[in-house]
Amino acid sequence: MRDTVKRSAMMIIVLFAIQFFTIASPILASSHPAAETIIQDWEVSWDASQAVSPHEEDTLKWLSAKSAEETKPKNASTMWVKFKIPEFKLNSPGILINKAYAQKVTIYFDGRESYHSSRNYRYDVNKIFLPLNTDSSYQTLYMKLESKDGRIGIPEAIILDEYQRLLKTYMQHELIDIIIGGAFIFIAICILACSGFVSRDFFVSWIALSLIILSVGVMIVTYSPFLYSFYGNYGRLYYKLFDVAQSIMMPAIFVFIDRVLGAGPYGLIRKASKFLVIFSLSSVLFMIINLLSNDRINELYFLYSVTFYGFVLLASASILLWTLVYYCLKGNKEAYLLSLGLGVLMLFSIVEIIWFYAQNTEYELFLWKWGIVCFVLSLIMIFAKRIAHNHQQLLLYSKKLEMYNVELQRSEKMEIISQLAASIAHEVRNPLQVTRGFLQLLHEKSIENKERSYITLSIEELDRASEIITDFLTFAKPQTENAGLMNISQELEQIVGILIPLANLQGGKIIFSAAEELYVRGQSSKFKQGLINIIKNSIEALRDEGKIEVWAYESNEEIIIKVRDDGEGMTEDELKKLGEPYFSKKSKGTGLGLMVTFRIIEGMQGIIHYNSIKGKGTEAVIHFPSAKE
Ligand code: ADP
Ligand code: MG
């Protein structure tokens, strides 16, 4: 028992100990003494005589670093630097020369050459790490900087510290460049890879956008000293890549804006984008020729791609600004977005420059990179907005097209029907007229009252048939003339009266109710024809014992008639097809009834719509404008 208590106590202590050390060790490490030593004064010599090694140092004339600038000869291409390593107590000491401008750097230490870097390209920023021995205190370090034409010197203090710690501070600075630049390059490659899926309208702006992002990324990465210090072998390539990226960016921005915003005032953006594309192509061509000719036309290339390009950039930037103002004034939302992105970039840059001068020492510019991130973001947003807008437009168009198509089909069918109807109706009317004539004759001759009334009825029915045919004949142009005032309740009562026997035959019944004094303007015979069609359909839809309700009322200056049955009902699809010629689900149906009915109701300025549930029943609702007596 005591044993287990002891053991668990031990365990807890061990766990605590582990905890303590994991938390405390970094704290302990950071509280380690000996902070960095900053070396600020060194001696300088401008002697370009071919002093080959520091052992001949007597031949050099040394000056203090402070007076170096004043004594610097014109076109100095060699600079010697020497300083004594201060006393230190470090485990693995190292020296970081954060910045040295030169194309060729050689460091002599401890009597031998301990660092050498030579570049055959213009990039002249060097960041140098040098591990030292623990016993290097008070020894002298010699440094030879060479630069054919351009900057030379060490603008920042030199730091002496633990090698690991130097590396960390250095990495923190430079890594962010690599991350931002790398992210840009990755995004650009993604966009480029997807370019195959983009519609032709967007292809150019899509490619332009990816080129903008790619060139920004490449510029950020290749401008950072990181690559040059760690993968220095390809330094020349990075340097050229920077040039290429730089010459791609502006034309890409212009092409993009031309595509997204428009050609700008006086077509300036389009003209400038053409010029820039040609300029950039020629500049890259120039670079390749220069490379092939081993830098023989370097001066000319420099003049073209740096000095002249500077002016071109300035001019393009002014055109860009003007265009943005122009489009913003026009109320273009994309221009607002772009201005915002560009504005943030400019703001960041200005703040940064002010800050830089205020601090006036070791301040590293970094804010502008985030400005670029904002700018690129605005470009991407504009593009996404464009694509979304176009997509919506496309949907709208296709919907409209579908509607027109349906409409067209419908009217085509109508056309055929009316032609067909016209010919048949014409043929049927002739025998009807003949029959009517003979009935008339019989009527005059017959003496018996009952017989006469039958014949009158027959003639009336024949007239109605002939009228229906006339309507059918002209159903394409429903007639509204001869429209009189109809008492709807009376009309309905007559219609229901005619149809009740038919309903009874089917085993169903019709329930009718209507308010008095409902008036609608129209032709009675047509109205009857329409409603008979509707109610007959209901009767035909009944299964066994069914019920049909017909009622009418007035509401909001409208006469509303409803016909409801509890028959078989219809599906959504069938509902949609109602009124289409030849749509019928009955073996003996014509599929013409509702077509004519809809026409009639339209002709009376009425509206009809159907509600139906399959298996439950159907309801037809008709609205007519009310007409007062
Ligand atoms: P027809 O009666 O000659 O078939 P219609 O144009 O009058 O032609 O009707 C078209 C179709 O609409 C019918 O075949 C039927 O399927 C459907 N229909 C119309 N009214 C109803 C209703 N009240 N209940 C169920 N189906 C109906
Ligand atoms: Mg019918």
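The values are calculated or read from the model by the stated rules, or taken from the named source; none is laboratory data. Fair warning: this is a prediction, and the values are worked out from it, not measured in the lab. Because the Cβ atoms are built from the backbone with ideal geometry, glycine has one as well, and the counts that use them run over all protein chains shown. Ligands, DNA and RNA are stripped out before the accessible areas are found, and what is left, the full protein with its side chains, is counted by its heavy atoms. Shrake-Rupley method; radii C 1.70, N 1.55, O 1.52, S 1.80 Å.
If a residue must be among the small types (Gly, Ala, Ser), within 16 Å of ligand 2 (Cβ to nearest atom) and either modelled with pLDDT of 90 or more or farther than 17 Å from residue 563 by Cα (or both), how many such residues does the stretch 588-626 contain? Walk me through it before giving the result.
Kept after step one, since they are among the small types (Gly, Ala, Ser), are these residues of the stretch 588-626: 589, 591, 593, 603, 606, 612, 615, 617, 620, 626.
Then keep just the ones that are within 16 Å of ligand 2 (Cβ to nearest atom); that gives 589, 591, 593, 612, 620.
So of that shortlist, the ones also either modelled with pLDDT of 90 or more or farther than 17 Å from residue 563 by Cα (or both) come out as 589, 591, 612, 620.
Number satisfying all stated conditions: 4.
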- prompt: Applying the selection to the stretch 592-629, what residues are in a helix (DSSP H, G or I), of a type outside the set (A, V, I, L, M) and either closer than 29 Å to residue 543 by Cβ or within 46 Å of the chain's Cα centre (by Cα) (or both)?
  reply: 593, 597, 598, 602
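Considering only residues that are small (Gly, Ala, Ser) and surrounded by fewer than 16 Cβ atoms within 10 Å (Cβ to Cβ), which ones fall in the stretch 324-342? Outline the logic, then answer.
Restricting attention to the stretch 324-342, the residues satisfying the condition of being small (Gly, Ala, Ser) are 331, 335, 339, 341.
Listed by number, the list holds a single entry, 331.
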- request: Determine if the stretch 568-587 includes at least one residue that is closer than 18 Å to residue 530 by Cα, within 16 Å of ligand 2 (Cβ to nearest atom) and among the small types (Gly, Ala, Ser).
  value: yes
- prompt: Failed condition for residue 583, given (1) of a type in the set (A, V, I, L, M, F, W, C); (2) buried (at least 20 other Cβ atoms within 10 Å of the Cβ); (3) within 13 Å of ligand 1 (Cβ to nearest atom), with all others met?
  reply: (2)
- request: For residue 129, indicate whether it is outside any loop (DSSP other than H, G, I, E, B) and open to solvent by less than 50 Å² (accessible area, probe 1.4 Å).
  value: yes
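Taking the stretch 144-167 as the region of interest, how many residues are acidic (Asp, Glu) and within 20 Å of residue 37 (Cα to Cα)? Give the derivation first.
We begin by selecting, within the stretch 144-167, every residue acidic (Asp, Glu); these are 146, 149, 156, 161-162.
Then keep just the ones that are within 20 Å of residue 37 (Cα to Cα); that gives 156, 161-162.
Within the stretch 144-167, residues that are acidic (Asp, Glu) and within 20 Å of residue 37 (Cα to Cα) number 3.
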- prompt: Restricting the stretch 494-513 to residues that are in contact with a helix residue (DSSP H, G or I) (Cβ under 6 Å, 6 or more places away or on another chain) and touching a residue at least 40 places away in the same chain (Cβ under 8 Å), which is farthest from ligand 2 (Cβ to nearest atom)?
  reply: 510
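Would you confirm whether any residue within the stretch 596-603 is within 12 Å of ligand 1 (Cβ to nearest atom) and surrounded by fewer than 17 Cβ atoms within 10 Å (Cβ to Cβ)?
Looking only at the stretch 596-603, we keep the residues that are within 12 Å of ligand 1 (Cβ to nearest atom), and these are 596-599.
From what's left, surrounded by fewer than 17 Cβ atoms within 10 Å (Cβ to Cβ): none.
No; the residues of the stretch 596-603 include none that is within 12 Å of ligand 1 (Cβ to nearest atom) and surrounded by fewer than 17 Cβ atoms within 10 Å (Cβ to Cβ).
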field: Qualifying residues in the stretch 531-550 (those that are of a type in the set (S, T, N, Q) and open to solvent by 30 Å² or more (accessible area, probe 1.4 Å)) - the one nearest to ligand 1 (Cβ to nearest atom)
entry: 537
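Of all the residues that make up the stretch 407-451, how many are assigned to a helix (DSSP H, G or I) and open to solvent by less than 80 Å² (accessible area, probe 1.4 Å)?
So in the stretch 407-451, the residues assigned to a helix (DSSP H, G or I) come out as 407-445, 449-451.
Narrowing further to those that are open to solvent by less than 80 Å² (accessible area, probe 1.4 Å): 411, 414, 417-418, 421-423, 425, 428-429, 431-432, 435-437, 439-440, 443.
Residues meeting the conditions: 18.
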- request: Look through the stretch 551-565, keep the residues that are within 14 Å of ligand 1 (Cβ to nearest atom) and not hydrophobic (A, V, I, L, M, F, W, C), and return whichever of them is farthest from residue 622 (Cα to Cα).
  value: 565
- prompt: Only one of these conditions is not met by residue 629: (1) in contact with a helix residue (DSSP H, G or I) (Cβ under 9 Å, 6 or more places away or on another chain); (2) at pLDDT below 90; (3) away from ligand 1 (no atom under 11 Å from the Cβ); (4) open to solvent by 80 Å² or more (accessible area, probe 1.4 Å). Which number is it?
  reply: (1)
